[in-house]
Every structure is written in C-alpha cells, then in structure tokens.
Amino acid sequence: MKATKTIILAAGQGTRMVSKNPKVLHRACGETLLGHVIRANQAAGVSDIAVIVGFQAEAVKKSLPGGVQTFLQAEQLGTGHAVMQASAFLEDFEGNVLVLVGDAPLIRPETLTEMIAAHEAGSYAATVLTAVFDDPTGYGRMVKEGDALIKIVEHKDATAEERAIREINSGMYCFDAACLREALAKIVPENVQGEYYLTDTIEILRTMGKKVGTYATPDVEDIAAVNSKGQLAQVEAIMRRRINARLMAEGVILIDPTSTYISADTTIGQDTVVYPGVITEGRVDIGADCIIGQNSRIVDSTIADGVEVQISTILNSTVDSGSHIGPYAYLRPNSRIGKDVKVGDFVEVKNAVMKDGAKASHLTYIGDAEVGRNVNLGCGTVFVNYDGVNKFKTVVEDNCFIGCNSNLISPVTVREGSYVAAGSTITQEVPEDSLAIARARQVNKVGYAEKMSQMHGKKEK
C-alpha cells in the first residue's frame, strides 16, 4: 500500500439529530461516531489523519486522540469546500487520500484496505466506495461504462434507466493526492445551494482524461450513516451484533446476545459466561473463566481470570483472580480488589485496597482504606472516612477480624492479627495481636421490665 492520508468530514451540526451536541460526538457502543471512523483508519494502517471541524469545533477537537490534525470549516459550503480546508495537509503529498465521513461508524478496516487495493490495482485517479442496494431509492446512482465510472447522478435527477441502477454512492472516496488537489481547484459552486460538491471531482477528473473507478463493499452495513436518533439506534444495534459475534467466535459464552451491551473497547477471555443485561462501557478487560451475572455494569475496569460478578456495578477498578463480587456490590473508582476476595451483598468500596483473601460479606462501607490479607469485615462495618471537610485513610493490617456493626473512625490503624469486638467504635490505633472493645459495658437491671410495666399501667389509668 502506498503512503496514505485520511480526511474525515465532521463539520456539520446534524440538525435532524435534534441535539445541542455535534452529530459526530454522539456515541455508539461507548465510542463517538467520529472515534469509530478514526479507529477503523488506524486499524487499517492509516495513522496520518485530519478531521474537518465546524459546529462546536472545540468540543470535537477535545474528543480526538493525540496525533489527529484538525482544520476549521468556518462556513459549511459543501463537501468539496470542506476538503479544501485541508489544503496544507495535502500540500506536496504523493500517495492515496481517503475522504471519509464522520457519521458512518460501521466502516470496517478491511473495507478501507480493500478499497485502497482496488484503487491502486486500477491505477485510478479516484475510487468511489459504493454498495449495491435492493432498494436504492433516494441515493445517488453510479453510472458506469464497464468498470469505469462515468458520473454520479442524484436520485431526483436520474432518468428511469438510471434509477434502475442499484449501485449507490456512499460519500466516501480514495483519491490520488495530486489528482485531488488539481480537481479541487476546478470545482465551482454551480448549484442552487451555492456549494462546492466533492462529487463534482469525479466528472472533472474524467474531463481531464483520468480513470475513475468504484469499489463496492460486500457488506452494505459498512456505509450506514447516522442522521437521526432512530438511525443511531439502528447503527448501534448492528455494531453490538458485530461485537457479540466476534466475542462468541473467540470463545465467550453470551447467554442472550440480543440483551448484552458490550462496548467496542471490551476484551473478554475464553469460556467466560456473560448473562443477559450486562453492560460494559469504556475500556474493559475481562479474563477467562469468569461469570458476569445479569444486570451487572462494568466501566473502565479490569477483571482477572476466574472472577464471579453478580448483579453489581464496577467503576474504574481492578479485580484480581478468583474473587467474588456481589450480588449488589458497588465498586467505586480506584478500588483495587486482590485475589480470592469476597465483596458481598450491599458492600460499597471506594478508593480502597482489599488484599488477597479479604472478606466483606454484607452491608459494609470501605472508603479510603487499605484492608490487609485474610481480613474479615463483619456485617455493618463502616470505615468513617469523612469529617465533613476532609477524607482520611484507615488501615486494617493482615489477619484481622472486625466484628459486626463496628465503626473505624479515620484516620486509624488496626495492627496485624488483631480483633475488634462487635459494636465497637474505634478511634485509636489497635496494637498488634490485640482485642479492642470500644463500647459501653452492658448493665442488666433485674426486674426492671416489670417495674416499667407497672409505671406504664399507672399512666394508662
């Protein structure tokens, strides 16, 4: 493959989206529409990418990965005008130039590499990415002589014979860079809208005696564009189906793929079972032989091999091998769960470390804490980390036992091998191998219940 650059058109508002946000920043399977197009280019081996921005340009720029250039189209005067804004990007470049749209997130890397290969094999000045539709109504038709493209005719302007053509224009192209520069300089806005159309370059190049070809993608879903919230849902459903099919081909068990919502940046290991209603968002890595129970949500987190997650939420956290999370556990950001740890029902962990073998089986809050190896936190244990102004850290060292309904008032340390009696409120360091009892001594007043009953009886009279 020759040296290749890509220009992605992303300047429009997308009014049919009925949104205050740019169309290309809407998300499908956790990634922006524009982000999917960029990733497809990178996967195809094209890293020299420019994005044409316009509506909410700064927001679009902020969303881009490092190394992607941007050029401003201050006034939207057509697709040809948009490409003209990247003249500095094209200057003196010799090679291929892909021109893509930022609202077609289903474009696959294979489609791009195949289009480039067809472009180079045909020695074309321009190659149009096309698709063959059963019903091409509304699309521009590809009028050809043999394999050579003669012109692109919009549906409204097509004759009855031309409307019978089922090959349509995707709006995406591969150009020879020098030919593109020359053709752009010759576009004139001879239309009602007064716009510069990129499609005009096809006729210009033919007039110049250049060869223009097409590449028809075998998967018509590749060129699906998003122009409304309804189309966004349709595209996301296709993307989800592709992701789930890939995962199952790699050995993942999806109990019900139609109700499993996996982000584009999720990896899942072999023989992991994913139940219905599971949602992953952002960068998620799940190991092999895991069980991800129904209605669990995992965001930007890493789950090692052999972990079981039941009806829980995990955000920006890590869980090491063999651990059990849930049901109804909540791992908030920066929770680091070690090996063979149990985080049970209605346990919340935030900015805390639970080392290997630690257990918090029920109704516990662990915030800003370090919990050592083989520590047992009894039901109702609370790490009291906030004084109303600042957060403080508590450390429970290895092999400690914290009794039920205990409060650990941060900052405090419970040293290795110690016990905290149930119902205690710990405000001072507990020495190694000690028993801490921090509660009022029980007093039994024998016969007092009868006395109270008599007192209440008198009041009733």
- prompt: Of the residues that make up the range 183-201, is at least one assigned by the TED database to the domain that holds residue 38 and touching a Cys at 6+ places or on another chain (Cβ under 9 Å)?
  reply: yes
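So that you can scan it fast, the table gives a plain yes or no per residue for (1) surrounded by fewer than 16 Cβ atoms within 10 Å (Cβ to Cβ); (2) among the β-branched types (Val, Ile, Thr); (3) closer than 24 Å to residue 106 by Cβ:
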residue	(1), (2), (3)
248	yes, no, yes
270	yes, no, no
279	no, yes, yes
282	no, no, yes
287	no, no, no
- line: Among helices (runs of 4 or more DSSP H) completely within the range 152-245, the ones holding 2 or more residues that are buried (at least 21 other Cβ atoms within 10 Å of the Cβ) are 177-184, 200-207
- line: The number of residues in the range 264-303 that are under 23 Å from residue 350 (Cβ atoms), in contact (Cβ under 8 Å) with a residue 24 or more places away in the chain and assigned to a loop (DSSP other than H, G, I, E, B) is 4
- line: So the strands (runs of 3 or more DSSP E) completely within the range 333-385 holding 2 or more residues that are among the small types (Gly, Ala, Ser) and more than 27 Å from the chain's Cα centre (by Cα) are 359-367
- request: State all residues of the range 1-56 that are among the polar types (S, T, N, Q) and either surrounded by fewer than 20 Cβ atoms within 10 Å (Cβ to Cβ) or over 19 Å from residue 107 (Cα atoms) (or both); if no residue qualifies, say none.
  value: 13, 15, 19, 21, 42, 47, 56
- prompt: All but one of (1) surrounded by 15 or more Cβ atoms within 10 Å (Cβ to Cβ); (2) modelled with pLDDT under 95 hold for residue 453; which doesn't?
  reply: (1)
- line: Taking the range 129-151 and keeping residues in contact with a helix residue (DSSP H, G or I) (Cβ under 8 Å, 6 or more places away or on another chain), in a strand (DSSP E or B) and of a type outside the set (Val, Ile, Thr) leaves 129, 131, 141, 149, 151
query: Would you call residue 320 surrounded by fewer than 17 Cβ atoms within 10 Å (Cβ to Cβ) and among the acidic types (Asp, Glu)?
result: no
field: Single unsatisfied condition, residue 106 versus (1) touching a residue at least 24 places away in the same chain (Cβ under 8 Å); (2) touching a helix residue (DSSP H, G or I) at 6+ places or on another chain (Cβ under 6 Å); (3) farther than 22 Å from residue 39 by Cβ
entry: (3)
- request: Check the range 415-430 and report whether any residue there is under 43 Å from the mean Cα position of the chain (by Cα), of a type in the set (D, E, K, R) and either assigned by the TED database to the domain that holds residue 337 or within 23 Å of residue 350 (Cα to Cα) (or both).
  value: yes
- request: Scan the range 412-430 for residues that are part of a loop (DSSP other than H, G, I, E, B), of a type outside the set (Ser, Thr, Tyr) and surrounded by 14 or more Cβ atoms within 10 Å (Cβ to Cβ) and jot them down.
  value: 415, 416, 417, 421, 422, 423, 429
task: Output the number of the condition that residue 28 fails; it satisfies all remaining conditions of (1) out of contact with any His (no Cβ under 9 Å at 6 or more places or on another chain); (2) touching a residue at least 24 places away in the same chain (Cβ under 8 Å); (3) not basic (Lys, Arg).
output: (1)
statement: Of 102, 138, 146, 95, the only residue that is surrounded by fewer than 20 Cβ atoms within 10 Å (Cβ to Cβ) and closer than 25 Å to residue 227 by Cα is 138
message: Regarding the range 261-269, can at least one residue be identified that is out of contact with any strand residue (DSSP E or B) (no Cβ under 6 Å at 6 or more places or on another chain) and under 21 Å from residue 303 (Cα atoms)?
response: yes
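The values are calculated or read from the model by the stated rules, or taken from the named source; none is laboratory data. Source: prediction; values computed, not measured. So basically every Cβ, Gly included, is an ideal-geometry build from the backbone, and we count neighbours across all protein chains shown.
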